[in-house]
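Here is the structure we will look at, set down as structure tokens.
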Amino acid sequence: MTTATPASAPVPPMPEYTPKALRAAIAAHTPALLADFDAAWRRQIADAYDIGPVPAFMARWWGEYALARDPGLHRHVAELEARAAEATDADTARKLLGEASRIHHELRSLEPGE
């Protein structure tokens with residue numbers, strides 16, 4: 001399923017839920033993330049003697065890619081976080097960060113093809 005934000009290009013679908021497919025999607029659609037993805041892979045996974053860290057790695061980068069592939073949504077979340085940083089009262093900051101967190105959480109639950 002391809003979605004679009006107003007006045008933007010279509011948002012690419014989420015890839016298969018594998019490190020290889022996720023890396024290929026990052027390289028194709030959000031290349032600015034690729035160096036960080038590769039560095040994190042080398043640091044957290046490549047030298048591991050078991051696959052224990054892979055689920056946490058995938059969850060983090062799945063969400064990173066899901067947000068970065070949609071420039072409009074990425075700008076919206078960045079704006080929420082910036083407004084929270086500039087808020088003069090804790091309740092306003094909490095609400096703004098809560099909305100940004102809700103979006104991040106929803107993105108992590110996307111399925112391949114969405």
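Taken together, the values in this text are just the output of simple stated rules run on the coordinates, not laboratory data. Computed from a predicted model, the values in this text were never measured in an experiment. Note that each Cβ is placed from the backbone with ideal geometry, even for glycine, and that neighbours are counted across all protein chains shown.
Taking 25 °C and 0.890 mPa s as the conditions, I'd like the Stokes-Einstein D for the range 15-108 in µm²/s, using the Kirkwood hydrodynamic radius from alpha carbon pairs.
Once the numbers are plugged in, D ends up at 169 µm²/s.
Non-local amide H neighbours of Val11 (under 5 Å, H modeled in plane, Pro and chain starts lacking H): which ones?
Thr3, Ala4, Thr5
Amide H neighbours of Glu114 under 5 Å, at least 5 residues apart or on other chains, H built in the peptide plane: list them.
Under 5 Å from the amide H of Glu114: Met14.
Around Ala66, what is the net charge, scoring Lys/Arg as +1 and Asp/Glu as -1 over all other residues with Cβ under 10 Å from its Cβ?
-2
If you line up the long axis of helix 71-86 against the longest principal axis of the chain, both from Cα atoms, how many degrees apart are they, to the nearest 10?
Taking Cα atoms only, the helix is inclined about 50 degrees.
Which ³J(HN,Hα) values, rounded to whole Hz and listed in residue order, are derived for the range 13-23 from phi using the Karplus coefficients 6.51, -1.76 and 1.60 in 6.51 cos²θ - 1.76 cosθ + 1.60 with θ = phi - 60°, glycine and proline given as x?
Each residue of the range 13-23 in turn: x, 5, x, 4, 8, 9, x, 5, 5, 5, 4 Hz.
Once the other residues with Cβ under 15 Å from the Cβ of Ala87 are scored (Lys, Arg +1; Asp, Glu -1), what is the net sum?
Value of the local net charge: -3.
Would you please put 42-51, 90-99, 56-65 in order of how densely packed they are, using the mean number of other Cβ atoms within 10 angstrom per residue and starting with the highest?
56-65, 90-99, 42-51
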